[in-house]
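Read through the structure below, which is laid out as structure tokens, and then see the notes.
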Amino acid sequence: MNKIDFQCIIIGAGPAGARAAYELSKTQKDILIIDYRNKLGDKLCTGIIGKNCADEFGLDKDLIYHEANSADIYSPDNNHYSLHSKDSKAMIIDRVKYIKRLTNLAKNNGVKIYKNSRVQSISINNNKVQLSYKSLNKIYNVTSKTIIIASGLENKLLTDIKLNTLDKKHILNGSQIIIKNHLNIKNTKVFLGSKYGLQGFGWTVPINQNKLLIGVLTKGKSKEITKSFMKNLLDQYQIKKTDTKEIKSWGIPIKPIEKTYAERTLVIGDAAGLVKPLTGGGIYYSQLSGKIAAEIISKALSENSFNEDTLSEYEIKWKNKIDSEIKRGNKMREILFNFSDQKLSQLLNFSLTNKLILKILLSKEISFDNHFKSFEKFIYNKNIIKIYSNSKSKLIKSIIPSLKKHILN
């Protein structure tokens with residue numbers, strides 16, 4: 001048998017790939033990460049992670065820009081609601097440094113990293129995986145016993161191994177720009193309504209005292225919407241125009257691919273479509289899938305068994321963890337983001353001005369990382385049911401039964 005270069009090659013060094021590499025390096029040697037970037041982890045992202053994610057995977061304090069225990073919600077009719085929690089629900093982190101630290105931990109365990117290298121093709125035969133990658137305009141080949149695909153929306157690699165790619169219908173468009181924080185915005189703001197595109201919303205997220213993220217996530221043309229959104233904000237605060245050429249866009253999948261494993265292969269993170277559907281956040285699910293993938297690949301290498309039956313355990317495990325969250329989250333997205341502006345404004349005004357509802361929404365039971373479980377606790381709360389059912393509004397009175405019917409069934 002020809003010499004095999006590596007035990008596992010991980011394509012992509014985002015949160016999913018970096019986590020998989022680090023976890024796998026604890027039990028295995030001869031691991032390689034290939035990433036097309038020179039600056040690992042440098043991707044458009046708000047850098048918001050929930051407390052569950054930080055607790056589960058660890059987070060050094062120096063990587064946190066600030067903890068978030070408050071947010072402002074703006075309804076389609078421009079009413080403004082401030083939410084304040086005693087405890088932090090999420091953190092704004094330096095994503096690039098976070099990934100760098102994780103890959104350095106993997107590197108310290110012997111993992112090799114090829115930067116500025118883009119995988120061109122994958123082929124699998126009975127005893128190895130062969131990858132072709134391009135670096136500095138030259139093509140190289142490398143072999144491995146297994147691969148983990150963590151390369152985001154690069155669908156071509158999935159077709160090489162005969163896996164279905166991400167469905168374009170289930171990919172949202174995100175656009176974001178970083179500007180100087182002239183606006184003196186101190187907490188995250190979320191803007192809802194049809195002006196942000198089909199099933200869209202806008203945000204401003206202060207990174208620190210000097211920098212501010214402005215962005216939009218939508219099924220529409222997010223870049224144009226972001227330009228308009230930013231212009232309105234700057235006009236409102238009488239700030240001179242910022243160059244809109246700096247707006248960057250990216251795609252976010254909100255439904256998993258049909259199958260996330262193949263012979264000698266696992267697909268994780270955004271590449272597998274493992275993202276929180278309501279917000280488009282991917283850091284938590286990426287790390288979760290990366291850790292599970294490392295466990296399954298390590299077991300496969302120890303047993304020298306790389307067939308689909310062996311590797312299918314990966315999909316079983318991630319589905320046990322988050323499949324219900326993703327499926328129900330998509331149902332929640334379809335319902336909540338398809339309300340008319342008038343109905344959404346009415347629902348927000350009723351919900352976010354009621355002290356008891358706010359108290360429950362901001363309680364420790366409601367998690368930033370587990371949207372559906374939090375939603376389920378909310379709509380089954382006896383006090384919540386009573387408040388909504390006693391409303392004189394037909395819309396408000398029917399909202400809980402309607403959500404139960406369409407989401408929980």
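The values are calculated or read from the model by the stated rules, or taken from the named source; none is laboratory data. No experiment lies behind these values; they were computed from the predicted model shown. Here the Cβ is made from the backbone with ideal geometry for all residues, glycine too, and neighbour counts use every protein chain on show.
Quick rundown of the values:
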| item | result |
| --- | --- |
| Filter pass, Phe229 being hydrophobic (A, V, I, L, M, F, W, C) and more than 17 Å from the chain's Cα centre (by Cα) | yes |
| Tally of residues being surrounded by fewer than 18 Cβ atoms within 10 Å (Cβ to Cβ), in contact with a helix residue (DSSP H, G or I) (Cβ under 9 Å, 6 or more places away or on another chain) and among the charged types (D, E, K, R) across the stretch 360-394 | 4 |
| Boolean, Lys223 is surrounded by fewer than 20 Cβ atoms within 10 Å (Cβ to Cβ), assigned by TED's automatic domain parsing to the domain that holds Gly12 and more than 21 Å from Ala90 (Cα to Cα) | no |
| Unmet requirement for Ile179, which otherwise passes all of (1) within 27 Å of Ala21 (Cβ to Cβ); (2) of a type in the set (A, V, I, L, M); (3) modelled with pLDDT under 85 | (1) |
| The stretch 172-220: number of residues that are within 20 Å of Leu344 (Cβ to Cβ), polar (S, T, N, Q) and within 16 Å of the chain's Cα centre (by Cα) | 1 |
| Residue match in the stretch 39-48 (condition: more than 30 Å from Gly197 (Cα to Cα), of a type outside the set (A, V, I, L, M, F, W, C), buried (at least 19 other Cβ atoms within 10 Å of the Cβ) and not assigned by TED's automatic domain parsing to the domain that holds Ser175) | no |
| Checklist (1) touching a helix residue (DSSP H, G or I) at 6+ places or on another chain (Cβ under 6 Å); (2) over 27 Å from Gly269 (Cα atoms) applied to Glu325, failing item | (2) |
| Residue in the stretch 52-59 that is more than 17 Å from Gly282 (Cβ to Cβ), outside the structural domain of Leu361 (by TED's automatic domain parsing) and out of contact with any Cys (no Cβ under 7 Å at 6 or more places or on another chain) present | yes |
| Odd one out for Glu313 among (1) crowded, with 23+ Cβ neighbours inside 10 Å; (2) farther than 20 Å from Ala13 by Cα | (1) |
| Complete set of residues in the stretch 53-82 that are touching a helix residue (DSSP H, G or I) at 6+ places or on another chain (Cβ under 7 Å) and of a type outside the set (D, E, K, R) | Cys53, Phe57, Leu63, Ile73, Ser75, Pro76, Asn79, Tyr81 |
| Positions within the stretch 369-405 being touching an Asp or Glu at 6+ places or on another chain (Cβ under 8 Å), assigned to a helix (DSSP H, G or I) and either in contact (Cβ under 8 Å) with a residue 60 or more places away in the chain or among the aliphatic types (A, V, I, L, M) (or both), in sequence order | His371 |
| Filtered residues of the stretch 190-212 (kept if out of contact with any Pro (no Cβ under 8 Å at 6 or more places or on another chain), within 18 Å of Ile92 (Cβ to Cβ) and surrounded by 20 or more Cβ atoms within 10 Å (Cβ to Cβ)) | Phe191, Phe201, Gly202, Trp203, Thr204, Val205, Pro206 |
| Sole residue being assigned by TED's automatic domain parsing to the domain that holds Val267, crowded, with 18+ Cβ neighbours inside 10 Å and over 19 Å from Thr279 (Cβ atoms), chosen from Leu163, Leu233 | Leu163 |
| Condition met for Ser345 (closer than 19 Å to Leu192 by Cα, among the hydroxyl-bearing types (Ser, Thr, Tyr) and surrounded by fewer than 17 Cβ atoms within 10 Å (Cβ to Cβ)) | no |
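Okay, residues lined up against (1) within 15 Å of the chain's Cα centre (by Cα); (2) farther than 15 Å from Ala20 by Cβ:
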position	(1), (2)
Thr265	no, no
Ile268	yes, no
Gly281	yes, yes
Ser289	yes, no
Tyr314	no, no
Lys317	no, no
